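Below is one structure, written out as structure tokens; comments come after it.
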Amino acid sequence: MDVLYFAWVRERIGLPKEKVETQAATVSDLVAELSAREDRYAAAFADLSALRVALDQELSDFDASLAGVREVAFFPPMTGG
Amino acid sequence: MRISVQEEEFDLGAEASAFAAGDDANGAIVTFTGVVRDLASGDLDVMEIEHYPGMTQRALTKIAEEAQKRWSLGDVLVIHRHGRLAPGDRIMMVATAARHRKDAFEAAEYLMDYLKSRAPFWKKEITSDGAEWVAAKDEDEDALTRW
């Protein structure tokens, strides 16, 4: 699946987008997998309360299932307006 | 309904005039405009606005559709810019038309409250000292509870 990062999450991980091969069942499982990869991921995902997640471009949550999901995006709380 | 996510500036007067032009059923038009505010220190060089192409248009459309369900509205307009802006530049505007002003005002406030914390935009303030992401405010999240 495609995993996208925005704002300081993108800066901390160091890339805007990547393809990830994963069997993770939920967003939390995916976060655990990514965090185990390298320190930069662990640092970005250290405090999930400071993060939001969207699945296929709809806001979701960390307990959500990844079944059938093609695009996951991680980002800080939004600051529009 | 028109939702525009764009980099280029917009002409507030032209947008306001064109909005709901020829619509004589609605007696109230409310417009709100957001402008890049300088820091208290006066040091802001650039406000950089990042967004999530693909999700942004969809999220704004959903917010505007929800407003149309909750209030009796005529047309709805949302323009939101991204990219590099300077202090004093217009970031965004919303406009709502309704038969009566209460619906138009409330719907415009609703659009603004949701747009602040549910549309995928992120602001970064750049000064000569460096760059800092603008943190979301608790009161912006709290503002949603009134709806």
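The values are calculated or read from the model by the stated rules, or taken from the named source; none is laboratory data. Note that the structure is a prediction, hence the values are computed from the model and not measured. Ideal geometry is used to build each Cβ from the backbone, glycine not excepted, and the neighbour counts take in all protein chains shown. These accessible areas exclude ligands, DNA and RNA; they are computed on the full protein's heavy atoms, side chains included. Shrake-Rupley method; radii C 1.70, N 1.55, O 1.52, S 1.80 Å.
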Between B:Ala16 and B:Asp43, what is the label-to-label distance in nm when each label sits 7 Å out along the Cα-to-Cβ direction?
3.4 nm
Can you work out D for chain B in µm² s⁻¹ from Stokes-Einstein, where Rh is the Kirkwood radius over C-alpha pairs, the temperature is 10 °C and the viscosity is 1.306 mPa s?
99 µm²/s
Order by accessible surface, 1.4 Å probe, largest leading, for residues B:Thr31, A:Thr22, B:Thr96 comes to B:Thr31, A:Thr22, B:Thr96
Threshold 20 Å² - residues in region B:98-119 whose accessible area is reduced by that much or more when the chain is no longer isolated, probe 1.4 Å
B:Lys116, B:Ser117, B:Arg118
Spatial separation of Cα centroids for region B:1-37 and region B:57-99, in angstrom:
8 Å
At a cut-off of 50 Å², which residues of region A:42-81 become less accessible once all protein chains are present than in their chain alone, using a 1.4 Å probe?
A:Gln57, A:Glu58, A:Met78, A:Thr79, A:Gly80, A:Gly81
Quickly estimate the mean residue ellipticity at 222 nm for chain A, helices only: each DSSP H run with n ≥ 4 gives -39500 (n - 2.57), and the total goes over all residues, rounded to 500.
-8000 deg cm²/dmol
Quick one: which residues, 5 or more positions from B:Asp38 or on another chain, have an amide H under 5 Å from its amide H? H modelled 1.01 Å from N in the peptide plane, none for Pro or chain starts.
B:Gly88
List the lysines whose alpha-carbon lies under 21 Å from that of B:Lys123, not counting same-chain residues fewer than 8 positions away?
A:Lys17, B:Lys137
Summed buried accessible area for B+A [probe radius 1.4 Å, Å², rounded to 100]
1900 Å²
Show that you can apply the helix-only estimate: for chain B, add -39,500 (n - 2.57) for every DSSP H stretch of four or more residues, divide by all residues, and state [θ] at 222 nm to the nearest 500.
-9500 deg cm²/dmol
Between B:Asp129 and A:Ala42, what FRET efficiency follows from the Cβ-Cβ distance if R0 is 25 Å, with the result rounded to 0.05?
0.30
Over all pairs of distinct alpha carbons, what does the Kirkwood formula give as the hydrodynamic radius of chain A, in Å?
12.5 Å
Shape descriptors of the protein assembly as shown over alpha-carbon atoms, Rg and Dmax in angstrom, are 19.0, 61
Return the carbon/sulfur percentage of the accessible area of region B:2-132, one whole number, probe 1.4 Å, all protein chains in place.
45 percent
Note the angle between two axes, namely the Cα long axis of helix B:101-118 and the longest principal axis of the Cα atoms of chain B, as a number of degrees from 0 to 90, rounded to the nearest 10.
30 degrees
Determine the per residue accessible area of region B:2-132 with all protein chains present and a 1.4 angstrom probe, expressed in square angstrom.
48 Å²
